[in-house]
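Here the structure comes first, spelled out in C-alpha cells, and everything after it is commentary.
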Amino acid sequence: MATHHQQSGLDFICNIVDINSAAQKNTYNFKDEGHYMVNFNKLVPELIVSDIKRSLKFYCKVIGFRVEYERSEEGFAFISYHGSQLMLGQDRFKTSPWRVEPLAHPYGRGMNLSIECPDVTTMARTLKKSGYELRKPIETFWYKSDKELLGESNFLVQDPDGYLLRFAQDLGSKPVVHDEL
C-alpha cells in the first residue's frame, strides 16, 4: 500500500527559488540543475485548518515559513521553517478520510508543536506586532540530560485555529553543578 506521501505526490520535482539558502539549510536533495526534491522529516504533522489562506498568511508572512509546494485546488500546502516541517490541509470533513469528528476551536487540544527558531525574542516581537497575543511569555529552562544541562528559551502562541505553538531557541549545554541536582 502506498504511503500518504506517495499518494500525495511528494516524489515530484520543484523549481529552485533560492538555491544558496536551500543548500545552507540542507533541506533539499539536488536531482539535476535547477530542480530539487524536499527531504522529508520522519514525522511531519498535518494540521487541518479552517481557512488555508489565513493559515498560510500566518505561517509564511508572519512567522517566516516557506511554501515548499502546494496544491491550491485541494487546499493543501507543505511548508518548512529552519528544518521544521508542517502540512496544512483545508478542512473538508464531509469528504476527508483524515478526520473522524467535526473540529471545534481551539483545534489541537492536548498537544503542542515545538518549533526551533534562531531568536525567540524577535519572533515574539513579530507575532505581537502582527496582533497575536502570547499565551506564555518567553522563559528560559535548563533540562537535565545525563551529566549536562540543555538550555532553551521558549514561549507559547496559538495559530489562527488555536493550535498551540512553542517557539524554542537552543541555548546550548552546560555541565551539571551539584547544587542543580
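Are there chymotrypsin sites (Phe, Trp or Tyr not before Pro) in segment 75-132 that DSSP puts in a loop and that have at most 12 other Cβ atoms within 10 Å, and which ones?
On the way: sites: Phe76, Phe78, Tyr81, Phe93, Trp98, Tyr107, Tyr132; in loops: Phe93, Trp98, Tyr107, Tyr132.
In loop regions of segment 75-132 (DSSP not H, G, I, E or B), the sparsely surrounded chymotrypsin sites (Phe, Trp or Tyr not before Pro) are Phe93, Trp98.
Using amide H atoms built in the peptide plane, which far-off residues or other-chain residues are under 5 Å from Glu68 H to H?
Long-range HN contacts for Glu68: Phe78, Ile79, Ser80.
In whole Hz and in residue order, list the ³J(HN,Hα) couplings for segment 53-64 that follow from phi through the Karplus curve 6.51 cos²θ - 1.76 cosθ + 1.60, θ = phi - 60°; x for Gly and Pro.
Here the 3J(HN,Hα) series is 5, 5, 5, 5, 4, 4, 5, 8, 6, 7, 7, x Hz.
Spin-label point model (7 Å from Cα, Cβ direction): what's the Cys60 to Arg99 distance in nm?
2.1 nm
Give me the net charge for the shell around Asn154: Cβ to Cβ below 14 angstrom, other residues only, Lys and Arg +1, Asp and Glu -1.
-2
Consider a paramagnetic label point 7 Å from the Cα of Lys174 along Cα→Cβ; state which residues of segment 110-127 have an amide N under 19 Å from it.
Correct set: 120-121.
I'd like the GluC sites (Glu not before Pro) in segment 68-154 restricted to DSSP loop residues with at most 14 other Cβ atoms within 10 Å, sorted by number.
Hits after loop and neighbour filter: Glu133.
Note the full-extension length gain between Lys136 and Ser50 as 0.36 nm times their separation in residues minus their Cα-Cα distance, in nm to one decimal.
Using 0.36 nm per residue and subtracting the Cα-Cα distance, I get 28.6 nm.
Please turn the phi angles of segment 139-146 into ³J(HN,Hα) values with the Karplus equation 6.51 cos²θ - 1.76 cosθ + 1.60 (θ = phi - 60°), one per residue in order, whole Hz, x for glycine and proline.
9, 10, 10, 10, 9, 6, 9, 6
Taking Lys42 as the anchor, which lysines have their alpha carbon closer than 20 Å to its alpha carbon, excluding any fewer than eight residues away along the same chain?
Counting by Cα, and skipping residues close in sequence, Lys42 has these lysines nearby: Lys25.
So who's got an amide H within less than 5 Å of the one on Tyr107, skipping anything under 5 residues away but keeping other chains? H placed 1.01 Å off N, in plane.
Long-range HN contacts for Tyr107: Gly162, Tyr163.
Which whole-Hz couplings ³J(HN,Hα) result when phi for each residue of segment 149-157 is put into the Karplus expression 6.51 cos²θ - 1.76 cosθ + 1.60, θ = phi - 60°, listed in order with x for Gly and Pro?
With the stated coefficients, segment 149-157 comes to 10, 9, x, 8, 9, 8, 8, 10, 8 Hz.
For a quick check: with amide H placed at 1.01 Å from N, whose amide H comes under 5 Å from Arg135's, ignoring anything fewer than 5 positions away on the same chain?
The answer is Leu156, Val157, Gln158.
Within the set of other residues whose C-beta is less than 12 Å from the C-beta of Phe58, count the net charge using Lys and Arg as +1 and Asp and Glu as -1.
Numbers: positive: Lys53, Arg54, Lys57, Lys61; negative: Asp51, Asp159, Asp161.
It works out to a net charge of +1.
Compute the label zone of Thr126 within segment 69-99: residues whose backbone N is under 17 Å from the point 7 Å along Cα-to-Cβ.
79-86
The numbers here are math on the coordinates, done by the rules we state, and not lab data. Everything numeric here is computed off the predicted structure, so don't read it as measured data. Glycine also receives a Cβ, built like all others from the backbone with ideal geometry; neighbour counts cover every protein chain displayed.
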